[in-house]
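*Asks:* Attaching a single structure in structure tokens format; questions to follow.
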Amino acid sequence: MDATEHATDDATEAALLTAFWEIIARHGWAGVTLRRLAAAAGLTAGQIRALAPGGKEDLLRLHGEHIDRLVAASTVPGQGGTPRDRIFDVIMRRIDAMQPHRAGLLRFLKDLPRRPDLLLALAPGLPASMARLLDAAELSPEGLAGQVRVQGLTLVWLATIRSWAEDSAPDLGKTMAALDRALDRAERVARTLRLAPGDQAAEAALD
């Protein structure tokens, strides 16, 4: 695939996801239909099925992968800083990438507790997404230590998203403060469990 084809695929995917979240914002999860998606995204039914063969649940997976690719694309290799700094940075960049879809995401999150089927649809994709964020933060998600990192980052992410849902300020100050507190808690747990000594405590929180 050349650069032009890749850019076209990314644009098609972005258009579909924008339509997906706009429809959820207006009509809720139940209102997401193939007809509405095609009309809002300017795509054919065939194009939509090619990107999401599993139906609208598949669009949740696609959304996670798309957002994480945006984070990876904006990551500077060898970025430096402490593990905590890098984790803070990738999480806030992921949230920034979600901001254009905020209205739809907020409605989805509001409805989520009443939809166990959606919780089941989301569950497999979350660890994979956290592993991609660890890669972007230059922390390995591999092996036993990597699995613990993924679990730790998942808890940090969920705590941060809860605050983001209530944070309407443009600077997302409450969200950043919540992320900072979540990382503090993760560090305290790491020190309590003696996962790593001294200056490595921040990394051990997700190690």
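*Asks:* What tally of residues in the stretch 58-76 results from selecting those that are more than 30 Å from ASP117 (Cα to Cα) and touching a residue at least 60 places away in the same chain (Cβ under 8 Å)?
*Replies:* 1
*Asks:* A follow-up question, please. Counting just the residues of the stretch 178-195 that are loosely packed, with under 13 Cβ neighbours inside 10 Å and not charged (D, E, K, R), which one comes out modelled with the lowest pLDDT?
*Replies:* Going through the qualifying residues, I end up with LEU193.
*Asks:* Looking at the stretch 135-144 only, could you name the residues that are outside any helix (DSSP H, G or I) and of a type in the set (A, V, I, L, M, F, W, C)?
*Replies:* Scanning the stretch 135-144 gives ALA137, LEU139.
*Asks:* Pairs, please: C-beta under 8 Å, at least 6 apart or cross-chain, first residue surrounded by 17 or more Cβ atoms within 10 Å (Cβ to Cβ) and in the stretch 160-173, second hydrophobic (A, V, I, L, M, F, W, C) and assigned to a loop (DSSP other than H, G, I, E, B)?
*Replies:* The qualifying pairs are TRP164/LEU172.
*Asks:* Among the residues of the stretch 55-66, are any among the basic types (Lys, Arg) and at pLDDT below 95?
*Replies:* Scanning the stretch 55-66 turns up at least one residue that is among the basic types (Lys, Arg) and at pLDDT below 95.
*Asks:* When the residues of the stretch 19-57 are narrowed to those that are closer than 15 Å to LYS110 by Cβ and touching a residue at least 40 places away in the same chain (Cβ under 8 Å), which ends up surrounded by the fewest Cβ atoms within 10 Å (Cβ to Cβ)?
*Replies:* My answer is GLY28.
The values are calculated or read from the model by the stated rules, or taken from the named source; none is laboratory data. The structure displayed is predicted, hence computed values, not measured ones. Because the Cβ atoms are built from the backbone with ideal geometry, glycine has one as well, and the counts that use them run over all protein chains shown.
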